[in-house]
Structure formats: structure tokens, C-alpha cells
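Trainee: Structure below; questions to follow.
The values are calculated or read from the model by the stated rules, or taken from the named source; none is laboratory data. Computed from a predicted structure; not experimentally measured. Positions of Cβ are backbone-derived with ideal geometry, glycine not excepted, and every protein chain shown enters the neighbour counts.
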Amino acid sequence: MRYENLNDGRKKIMDLIKNKIEEAKSENGELDNNAIPLSTKHIAYLFSEISKCDYDTLNYLDLSNFDFSVLNEKDLGDGMKQKIVSMMQEDSLNDEKKYPNLYLDWDVSVAMMPELLKSDVDFYPYVDVNEAFTERVLLNIFNIVKENKDSLKEGERIQFNSAVLNHLVTEFTDNYFNLSREDRSMLRYIDLSEVCFDNRKVSERDYSNCNAKIDPQKVKNKNLYRTNLKNVDMHLYDFTDVEVERANLEGTGANIDPQRVKNKSLYNTNLAGLNLSDKEFDGVGVVGANLEGTGANIDPQTVFAKDLRLTRLKGLNLCDKDFTGVRIDGADLEGTGAKINPQTVIWYDETNTNLAGTVILNLDFPCIYKNTKFNDTLVPSDEIDKLCNEVAAIKVYKKNNK
């Protein structure tokens, strides 16, 4: 089977439409407004090209059957804004619900709709507070660190006696959300190798780049929820029944068995770069997980609820996987070779789905995917040829000759 670049196919079909307009004008001189009726499927697939057109071209395209309500002004070129305004003026039903949220200077009443909520995965615990933490001991230690950290050699850390360190970690844990963002980062410059973390609360704390020895079986409640442990050595530890949702375990060398972590849940967990090539993911919740560079063998049909929303799978081999009924909105599937049928996946466009380097099996797009990346995405040449033939067969409406 031959394949073509999806975006190149869009340009090819858009050029065909423009040529069709010019040929009809040269034959007849004048064309009706909305002379070329485009189907919902055509508009959905071609929208990124249509939106770039000038108003003179758009004036000849009949877009009246399409629901543009998912769009905002930022999604539209100037010509497209003008086209939509003219459509609203001509709409006898004045159905504002199908038009986008526009903040324009034209004398047109436009329904103001809230922007779609964008969901970003947050792997790093962070809370803004205004009140300062006033514990003298802790702040004095941090001040010493700030004064000396720039003179440290690579891998070198400032040493304190064990009594001071234990007090420091206790205060850091108990007063974490009263500390400034700068103070929260000071632990990475202190030698924590002798500090005992047994039965300490470490969830929702930042220990990234520290040399701490944090055994997930011994911390309080086996809870690493939203703990930032990036680059902390954890390769010797057991994660059985450990809560790892939203934890950042990148660079830890952790031996994670998705079947044995608490609730089989990797929700929003950052596992980038860990070796998961021999692990089973059946029934595992992976929404929002970062699995890039893990070599994980993911079967979309057997992960929990067939749900890959916001999951980062970049570079994994998914070329032979079945995505029927799988939810992929916001997923990063770049370079996976995944074969996606827009008619059979569950794919909402509120979040930025990355389908670069995948294969789209057909062009029957059910909606405009304005937030989806299609760089280097392939589509069967037969699909592009079929759309070209459909567009070529569209009757052009000429003045006084309908």
C-alpha cells in the first residue's frame, strides 16, 4: 500500500479547489457566493488549509453545514473570521451555537463561549504561598547552603551532623508548603545519605537530585504520591503496594512492576527512561503516564478502560496494535507507527494530541482536529485520491445557472 504525508494531501486537495474556482471563473466570468459546497468531512480534514485562505477564496466555499463552535478566534485567519461573520449574517436561523467564540470589531452579535479547558500533566509538586516560614534553624541552614552551593564541585554536597540533618528533614517535611520555591530546592546540595526516612511523610515533596536513601516500603503509608524523586537512586527498592500516582521517578533506575504498585495505577506517573520492556500492563491505569524511552509493550486494548488520555508513548512500537474503542485525546504517539482510524477511536480535541509519525487509516474526520499535531503523519494514497475525486466531482454553482 502506498502512503502520503497527511498535510501534503491537504495542500493538494486545497490547490485542487482553488484551481476549480479559477477554471469556473475563466469559463463563466462570475460565480455565486458559496459556489462550491463542501461536506462536513471535507471541511474537517481541510480546515487547517481553509483557515489560511483569503476571503476572496473563502467567499466561494459553502461551509454552512459545519459546526464551528469548538473554535476560538485564535484558530482563525483574518479571511476565515470575515467568512464566518458573513455566514452569521446570512444565517436565517441565526444559530449562534454553531459559531465560534469571536472577539471582533464587526457589528455582529456573537455568543461568548468560554475557552476549552486545557489539561496539562503536572509531575512536579508546587504550591504558591505568600507567608514566610520563620523556623530559625531551617532557614539558617538554607542560608549556609545558598552561600556555599556555587562553590561545590560536581557531585559534592555540604555536610551537617546527623542531629541537624534529622531536624532539617523533619522541618522540611512538616513545613514544606510554607517554604519558598528556592528553599525547597536546597536539599539537593546537602549530603542526605545518612538520613533515615523510615516512617517519614515524603508524598508531595521535592527530593529531586538528592542523594537520599528513600525506601518506598518504609516511608509513611508506602506513599510516594506526587513526590519528585527525579535522579534519586532507587534501583534496589521494592515498589510492591506503593502509591506512585503523579510521582516523578525519571532517572531513578527504579524497578517498577505495574502489576504490583498500589491499585495497578500509574496515573500521571513519570517513568521516562526506566526499563519496562519486560513488564505487563494488562489492567494498569496509564492515563497521563510518561512512558517515553521505557520500551514498554503497551496493548491499548488491555490497559485499564482502554484509556491512553495524555499518556506519553513517544517512540514506543505500537505499529501492530489495535486502537478500536481506545481513548487517545492528549496522548503523545509520535513515532510509534500507530495506525489510527478516526471513526473507531475515541478522540476529543480539547487537548494536544500528537500523532506525528503515525498512520491515519482514513480521512473521514468526524470533527476539526485543530489541536492535534500531524507532522510526518501518513495516510493511504487511496484515501487522498478518493477525496480528490470527490472534490473534482463537486458541481460549481455559477451566477444565474443553478
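Trainee: Got at least one residue in the stretch 91-109 being in a helix (DSSP H, G or I), at pLDDT 80 or above and in contact with a helix residue (DSSP H, G or I) (Cβ under 9 Å, 6 or more places away or on another chain)?
Mentor: no
Trainee: Moving to a separate point now. Mind checking whether some residue in the stretch 65-75 is farther than 25 Å from Glu383 by Cβ, within 30 Å of the chain's Cα centre (by Cα) and charged (D, E, K, R)?
Mentor: Keep residues of the stretch 65-75 that are farther than 25 Å from Glu383 by Cβ, which gives 69, 72-74.
Now narrow it down to the ones that are within 30 Å of the chain's Cα centre (by Cα): 69, 72-74.
Now restrict to residues that are charged (D, E, K, R): 73-74.
Yes, there is a match, as at least one residue in the stretch 65-75 is farther than 25 Å from Glu383 by Cβ, within 30 Å of the chain's Cα centre (by Cα) and charged (D, E, K, R).
Trainee: For the stretch 161-176, check the following and say yes or no: at least one residue is within 30 Å of Val261 (Cβ to Cβ) and not in a helix (DSSP H, G or I).
Mentor: The answer is yes, given that some residue of the stretch 161-176 is within 30 Å of Val261 (Cβ to Cβ) and not in a helix (DSSP H, G or I).
Trainee: If Glu23 passes every condition in (1) within 33 Å of the chain's Cα centre (by Cα); (2) modelled with pLDDT of 85 or more but one, which one does it miss?
Mentor: Against the list (1) within 33 Å of the chain's Cα centre (by Cα); (2) modelled with pLDDT of 85 or more, Glu23 comes up short only on (1).
Trainee: Which condition breaks for Ala305 when tested against (1) more than 17 Å from the chain's Cα centre (by Cα); (2) assigned to a loop (DSSP other than H, G, I, E, B); (3) of a type in the set (A, V, I, L, M, F, W, C)?
Mentor: The failed condition is (2).
Trainee: Please go through the stretch 358-402 and give me each residue that is assigned to a loop (DSSP other than H, G, I, E, B) and touching a Leu at 6+ places or on another chain (Cβ under 8 Å), ordered by number. So that I can check it myself, show each step before the final result.
Mentor: Our first condition is that a residue be assigned to a loop (DSSP other than H, G, I, E, B); within the stretch 358-402, this holds for 358, 361-372, 374-377, 393-397, 399-400, 402.
Those that are assigned to a loop (DSSP other than H, G, I, E, B) and touching a Leu at 6+ places or on another chain (Cβ under 8 Å): Thr358, Leu363, Ile368, Lys370, Thr372, Phe374, Thr377, Ile394, Val396, Tyr397, Lys399.
Trainee: Still on this structure, I have one more. Of all residues in the stretch 275-294, how many are touching a residue at least 24 places away in the same chain (Cβ under 8 Å), closer than 18 Å to Tyr225 by Cβ and hydrophobic (A, V, I, L, M, F, W, C)?
Mentor: The number of residues fulfilling the criteria is 3.
Trainee: Which pairs have Cβ atoms under 6 Å, sit 6 or more apart or on different chains, and link a residue in the stretch 70-82 that is surrounded by 15 or more Cβ atoms within 10 Å (Cβ to Cβ) to one that is assigned to a helix (DSSP H, G or I)?
Mentor: Qualifying pairs under 6 Å: Gly79/Tyr55; Gly79/Leu58; Gln82/Tyr55.
Trainee: Yes or no: the stretch 373-380 includes at least one residue that is within 19 Å of Tyr3 (Cβ to Cβ), buried (at least 16 other Cβ atoms within 10 Å of the Cβ) and acidic (Asp, Glu).
Mentor: Scanning the stretch 373-380 turns up no residue that is within 19 Å of Tyr3 (Cβ to Cβ), buried (at least 16 other Cβ atoms within 10 Å of the Cβ) and acidic (Asp, Glu).
Trainee: So, of the residues in the stretch 132-148 that are at pLDDT below 85 and among the polar types (S, T, N, Q), which turns out to be surrounded by the fewest Cβ atoms within 10 Å (Cβ to Cβ)?
Mentor: Within the stretch 132-148, the subset at pLDDT below 85 is 132-144.
Next, from what is left, pick out any that are among the polar types (S, T, N, Q): 134, 140, 143.
On the way: Thr134: 9, Asn140: 11, Asn143: 12.
Here the answer is Thr134.
Trainee: Do we have any residue at all in the stretch 26-46 that's surrounded by fewer than 16 Cβ atoms within 10 Å (Cβ to Cβ) and at positive phi?
Mentor: For the stretch 26-46, residues surrounded by fewer than 16 Cβ atoms within 10 Å (Cβ to Cβ) and at positive phi: present.
To keep it simple, each residue is scored yes or no on (1) buried (at least 22 other Cβ atoms within 10 Å of the Cβ); (2) touching a strand residue (DSSP E or B) at 6+ places or on another chain (Cβ under 7 Å); (3) more than 30 Å from Asn143 (Cα to Cα).
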| residue | (1), (2), (3) |
| --- | --- |
| Tyr176 | no, no, no |
| Ile190 | yes, yes, no |
| Asp198 | no, no, no |
| Ile214 | yes, no, no |
| Asn221 | no, no, yes |
| Val232 | yes, no, no |
| Val244 | yes, no, yes |
| Asn255 | no, no, yes |
| Pro258 | yes, no, yes |
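Trainee: Going through the stretch 40-64 one residue at a time, which ones are in contact (Cβ under 8 Å) with a residue 40 or more places away in the chain and closer than 21 Å to Glu383 by Cβ?
Mentor: Lys41, His42, Ile43, Ala44, Tyr45, Phe47, Ser48
Trainee: Could you pull out the residue among Val287, Val242, Val303 that is within 24 Å of Gln217 (Cβ to Cβ) and among the hydrophobic types (A, V, I, L, M, F, W, C)? Full working, then the answer.
Mentor: Numbers: Val287 fails: within 24 Å of Gln217 (Cβ to Cβ); Val303 fails: within 24 Å of Gln217 (Cβ to Cβ).
None of the others qualify; the one that does is Val242.
Trainee: Can you name the residue in the stretch 55-69 that is acidic (Asp, Glu) and closer than 18 Å to Asp32 by Cβ and, of all such residues, is surrounded by the most Cβ atoms within 10 Å (Cβ to Cβ)?
Mentor: My answer is Asp62.
Trainee: For residues in the stretch 347-372 being in contact with a helix residue (DSSP H, G or I) (Cβ under 8 Å, 6 or more places away or on another chain) and over 13 Å from Leu6 (Cβ atoms), which is surrounded by the most Cβ atoms within 10 Å (Cβ to Cβ)?
Mentor: Here the answer is Ile368.
Trainee: Then there's this: Suppose the filter is in contact with a Phe, Trp or Tyr (Cβ under 8 Å, 6 or more places away or on another chain) and surrounded by 14 or more Cβ atoms within 10 Å (Cβ to Cβ); does Lys20 pass it? Please lay out each step first, then the result.
Mentor: Working: in contact with a Phe, Trp or Tyr (Cβ under 8 Å, 6 or more places away or on another chain): no; surrounded by 14 or more Cβ atoms within 10 Å (Cβ to Cβ): yes.
Here the answer is no, as Lys20 does not meet what is asked.
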